[in-house]
Amino acid sequence: MKPFPKLLASTTLALGAVIAATTSAHAAGENIGDTQQCIQLSRIDNSPAIDSRTILIEMEGNGGFKRIDLTSSCPGLVFNGFSISTPIDKLCTSDTLTVPDNGGAVCLIDKIVTIDEAEAKALRAK
């Protein structure tokens, strides 16, 4: 009977570690389909505008891909790109994007979604 409580405690701790790891990854938005509030600017390798409402974010190295969905159409985004101004090394859903050379159109971010390579390829093909 003595080993049972130890085994139960070990199993409980191991299960707790798995749950914590899963929650941590989910909170960071690393699972396909997850949304996140912010992404680190210094980890962005490329950020092509796919259309007037969608931006593909290619993270550096094997960091994967994100899709930024805008709240509405952003005129000039595809041709002129965008700029952001933020005091921190993060792009967040609360930030605004500005389209240069288009009267300074301001675009709002609806969500940032983690996507897989297949979706990134499909977006690039548009």
| Set I84, I109: member being of a type in the set (A, V, I, L, M, F, W, C), at pLDDT 95 or above and closer than 25 Å to K126 by Cα | I109
| Can we say V113 is more than 17 Å from the chain's Cα centre (by Cα) and among the hydrophobic types (A, V, I, L, M, F, W, C)? | no
| said: Based on this model, can you work out whether T93 counts as within 14 Å of the chain's Cα centre (by Cα), on the phi < 0 side of the Ramachandran plot and either surrounded by 12 or more Cβ atoms within 10 Å (Cβ to Cβ) or small (G, A, S) (or both)? | reply: yes
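For region 67-87, state whether one or more residues are under 16 Å from G33 (Cβ atoms), among the aromatic types (F, W, Y) and not in a loop (DSSP other than H, G, I, E, B).
The first filter runs over region 67-87 and keeps only residues under 16 Å from G33 (Cβ atoms), leaving 67-69.
Filter once more, so that each one left must be among the aromatic types (F, W, Y): none.
No: zero hits.
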| message | Return the residues of region 45-66 that are closer than 17 Å to C107 by Cβ, outside any loop (DSSP other than H, G, I, E, B) and in contact with a strand residue (DSSP E or B) (Cβ under 7 Å, 6 or more places away or on another chain); say none if nothing qualifies. | response | A49, I50, T54, I55, L56, I57, K66
| query | For region 60-68, does any single residue satisfy the condition of being touching a Cys at 6+ places or on another chain (Cβ under 9 Å), modelled with pLDDT of 90 or more and among the acidic types (D, E)? | reply | no
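Test L56 against the criterion of being modelled with pLDDT of 50 or more, at negative phi and surrounded by 10 or more Cβ atoms within 10 Å (Cβ to Cβ), and give yes or no. Full working, then the answer.
On the way: modelled with pLDDT of 50 or more: yes; at negative phi: yes; surrounded by 10 or more Cβ atoms within 10 Å (Cβ to Cβ): yes.
Answer is yes for this residue.
The values are calculated or read from the model by the stated rules, or taken from the named source; none is laboratory data. What you see is a predicted model, and the numbers here were worked out from it, not measured in a lab. We place every Cβ from the backbone using ideal geometry, glycine too, and count neighbours over all the protein chains shown.
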